[in-house]
Amino acid sequence: MADDDKFKLTQEQRNHIAEFLTQKNARHACPACGTNNWLVGEHVIRGELFTAGTTLLGGPAYPLAFVVCQNCFFVRPHLAIPLGVVAPDPEPPAETKAPTEQVSG
Ligand SMILES: [Zn+2]
């Protein structure tokens with residue numbers, strides 16, 4: 001398994017996104033080139049919050065699923081939480097927890 005495989009959506013999740021967008025009639029022609037041939041992206045990407053005058057690396061962000069036009073590669077993001085592919089309030093990764101939270105013995 002490649003290192004980034006653990007961050008990839010499963011085929012089931014990608015199918016769910018495609019079905020959700022079809023049900024919502026959100027699979028219309030590409031606004032950039034006019035073709036209608038979309039592919040659900042393999043990952044969830046970050047929509048960083050805008051913070052005037054500063055940059056917050058690793059700060060809060062919206063998780064975004066996306067579809068890609070297969071003709072011109074225009075990217076169209078959709079919020080991943082209401083799509084059901086990201087939990088609304090995930091637990092922080094174990095490596096970010098304080099040492100006092102670790103259980104010994
Ligand atoms: Zn296009």
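If you go through the range 39-92 and keep only what is hydrophobic (A, V, I, L, M, F, W, C) and in contact with a Ser or Thr (Cβ under 8 Å, 6 or more places away or on another chain), you end up with C69, C72. For the range 16-53, residues that are away from the ligand (no atom under 16 Å from the Cβ) and aliphatic (A, V, I, L, M) total 6. If you go through the range 81-90 and pick out every residue that is loosely packed, with under 10 Cβ neighbours inside 10 Å and at pLDDT 60 or above, you end up with 2. Keeping to the range 20-36, report how many residues are over 16 Å from F66 (Cβ atoms) and of a type in the set (D, E, K, R). Summing the residues that are over 16 Å from F66 (Cβ atoms) and of a type in the set (D, E, K, R) in the range 20-36 gives 0. Filtered by the rule that a residue be under 18 Å from V85 (Cα atoms) and modelled with pLDDT of 95 or more, the range 24-46 gives L39, V40, G41, E42, H43, V44, I45.
Is it fair to say L56 is within 16 Å of the ligand (Cβ to nearest atom), in contact with a strand residue (DSSP E or B) (Cβ under 9 Å, 6 or more places away or on another chain), over 18 Å from P82 (Cβ atoms) and aliphatic (A, V, I, L, M)? So L56 does not fit the description; no.
The range 1-80 holds strands (runs of 3 or more DSSP E) entirely within its bounds, and those carrying 1 or more residues that are buried (at least 17 other Cβ atoms within 10 Å of the Cβ) and either over 11 Å from the mean Cα position of the chain (by Cα) or touching a residue at least 40 places away in the same chain (Cβ under 8 Å) (or both) map to 38-40, 61-69, 75-79. Checking each residue in the range 59-74 for being more than 15 Å from H28 (Cβ to Cβ), at pLDDT 90 or above and either more than 10 Å from the ligand (Cβ to nearest atom) or of a type in the set (A, V, I, L, M) (or both) picks out A61, Y62, P63, L64, A65, F66.
The values are calculated or read from the model by the stated rules, or taken from the named source; none is laboratory data. Since the model is a prediction, treat every value here as computed from it, not as a measurement. Note that each Cβ is placed from the backbone with ideal geometry, even for glycine, and that neighbours are counted across all protein chains shown.
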